[in-house]
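Since the structure comes first, as structure tokens, the remarks are kept for the end.
The values are calculated or read from the model by the stated rules, or taken from the named source; none is laboratory data. Because the structure is a prediction, the values reported are computed rather than measured. Please note: Cβ atoms are built from the backbone with ideal geometry, for glycine as well, and neighbour counts cover all protein chains shown. These accessible areas exclude ligands, DNA and RNA; they are computed on the full protein's heavy atoms, side chains included. Shrake-Rupley method; radii C 1.70, N 1.55, O 1.52, S 1.80 Å.
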Amino acid sequence: MTIVCGTDFSENAVQAARAAASIARCSNDRLELVHVIADPAAAGIPALGVFYAPLQELLAEQAGKLAREFTIAVNPIVLEGPADERLVDFARGANSRLIVVSSLGARKQDHFRVGSVAERVLQRSNIPVLVVREAASIEQWAQSSRPLKILLGVDLGQTSRAALRWVEELRQIRPCDVRVVQVAWPIGEYSRFGLKGPIELEGVRPELHALLERDLRAWTGTVAGEGQISFSISACWGRFDEQLALLAQEEKADLLVVGTHQRAWSARVWQGSISRGVVHRSPCNVACVPRPASTATSRAEITRFRSVLIPTDFSPLANRALGTGYGLLPDGGEVHLLHVLTGERGEAPPDLDARLRALVPWGAEARGIATQTHVVDEAEAWSGISHAASRLGVDAICMSTHGRSGATRLLVGSQAEEVVRRARQPVLLVKGDVE
């Protein structure tokens, strides 16, 4: 495979080229050193051969120096057109694993500018983009002088999963010490878990921190490769990109890695972009990793549930979900049976735990399935289910639904629909009779 590095012959571009060459040597890839010029005709330059010759000579000279110093194959390429478009198109055609570009350094973000070439490249690219501010740390890592110090910012989504896998690839080349950090908005997280009490203005309360770190560690799992792994939860009341850039500075990270959604420019204006923000603000090198276009899942990646939440109000309809819910754990695991007491039901009956225990299917324990029972008090059933699923950290929710349709659904609403809308876990709905 290849690594593509864009250059404009500036000192910053020289740093990017050295970083790209270091990685190419470690991964046994060919380096494509690319210089893109604007349309000469538009600039009033008629003699293309005369204009190209000095650039080709200069590019060939730089490529030769890199090839000799890093003992790799370097191919100099001169292209014509918009720099970001041609660089990305060339990388796609060359079956590249990485695009490397330079940065002019941190500067104040302007949401109403199209942005730098580096920003436009990462916006267009469907392969990882490394924005280089300094090459020394990457060269030292490539020479096995020391581990690369990486700060990996995640939100537990699919784009973050792609970023984690890219970091694993680096760790299999050379050791990398990785701090996995989740930036959390306290108000949203307290609400998601249904926690009561005051909200800390600095940091998060210990019980929330424990829940977030539990989920972060479970989401991350075992990270392949060599090097240390640590975890961090960081409360943020402002911009997440600013927080990640500040953490990278405090940690003295060599590389900040984030996933990117590749939003269109108009969407970035209104919604913002963490990847765009960290490229502007980070004091260190930044890698932006897009989610792969292919959504195919290998057999090894198929999720195997280990814990399932089954809510019930003891009605025959609700209890239809029991068989399906327990069936989600063919290899054993844990089922959480939940009953939500809502305000409209008055005082709770004294035998709820026993009634929940009576619902456990015969032979569940022999199949290696443990059952926990929970009774919670909430204003609405859907909120009790959503909060319990978050606090318990279950892999999936299995519940019954009335299967209403049309006007009935619009008038009556659906507890299941509210759960589906808010849950981060997969929700399996067992339908009753359609009304």
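Taking the criterion of being closer than 27 Å to E418 by Cβ and open to solvent by 10 Å² or more (accessible area, probe 1.4 Å), would at least one residue in region 218-229 satisfy it? Working first, answer last.
Step one: list which residues in region 218-229 are closer than 27 Å to E418 by Cβ, which gives 218-219.
Checking which are open to solvent by 10 Å² or more (accessible area, probe 1.4 Å) leaves us with 218-219.
The answer is yes; a qualifying residue exists.
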**Fill in**
For region 80-99, the count of residues that are farther than 19 Å from L58 by Cβ and part of a strand (DSSP E or B) equals 4
**Prompt:** Which ones in region 233-259 are free of Cβ contacts under 8 Å to residues at least 60 places away in the same chain and closer than 13 Å to N285 by Cα?
**Reply:** Q249
**Complete:** So, first residue farther than 21 Å from P82 by Cβ in region 1-27, second residue among the aromatic types (F, W, Y) and not in a loop (DSSP other than H, G, I, E, B), Cβ within less than 6 Å, six or more apart or across chains; the pairs are A21/F70; R25/F70
**Matching residues in region 190-213 - criterion: being among the acidic types (D, E) and buried (at least 21 other Cβ atoms within 10 Å of the Cβ)** = none
**Prompt:** What about R306, is it modelled with pLDDT of 80 or more, open to solvent by less than 70 Å² (accessible area, probe 1.4 Å), of a type outside the set (G, A, S) and over 17 Å from the mean Cα position of the chain (by Cα)?
**Reply:** no
**Message:** Any residue that is in contact with a Lys or Arg (Cβ under 6 Å, 6 or more places away or on another chain), at pLDDT below 90 and assigned to a helix (DSSP H, G or I) - is there at least one of those in region 59-79?
**Reply:** no
**Request:** Quickly run through region 232-261 and pick out the residues that are open to solvent by 60 Å² or more (accessible area, probe 1.4 Å) and within 17 Å of E119 (Cα to Cα).
**Result:** E242, H261
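Please verify whether region 81-98 includes one or more residues that are closer than 20 Å to A135 by Cβ and open to solvent by 20 Å² or more (accessible area, probe 1.4 Å). Let's see the steps before the verdict.
Quick first cut of region 81-98, residues closer than 20 Å to A135 by Cβ only: 87, 91, 96-98.
Cutting the leftovers down to open to solvent by 20 Å² or more (accessible area, probe 1.4 Å) gives us 97.
Yes - at least one qualifying residue is present in region 81-98.
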**Complete:** Among residues of region 248-280 being at pLDDT 85 or above and out of contact with any strand residue (DSSP E or B) (no Cβ under 9 Å at 6 or more places or on another chain), the residue farthest from V101 (Cα to Cα) is E250
**Selected residue (criterion: farthest from D254 (Cα to Cα)) from residues of region 136-149 that are buried (at least 22 other Cβ atoms within 10 Å of the Cβ) and in contact with a helix residue (DSSP H, G or I) (Cβ under 6 Å, 6 or more places away or on another chain)** = A142
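At least 1 residues that are modelled with pLDDT of 85 or more in each: list the helices (runs of 4 or more DSSP H) lying fully within region 339-435 that qualify.
352-357, 381-392, 415-422
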**Item:** Residue, nearest to A210 (Cα to Cα), within region 154-182, restricted to residues that are open to solvent by 10 Å² or more (accessible area, probe 1.4 Å) and among the basic types (K, R)
**Value:** R179
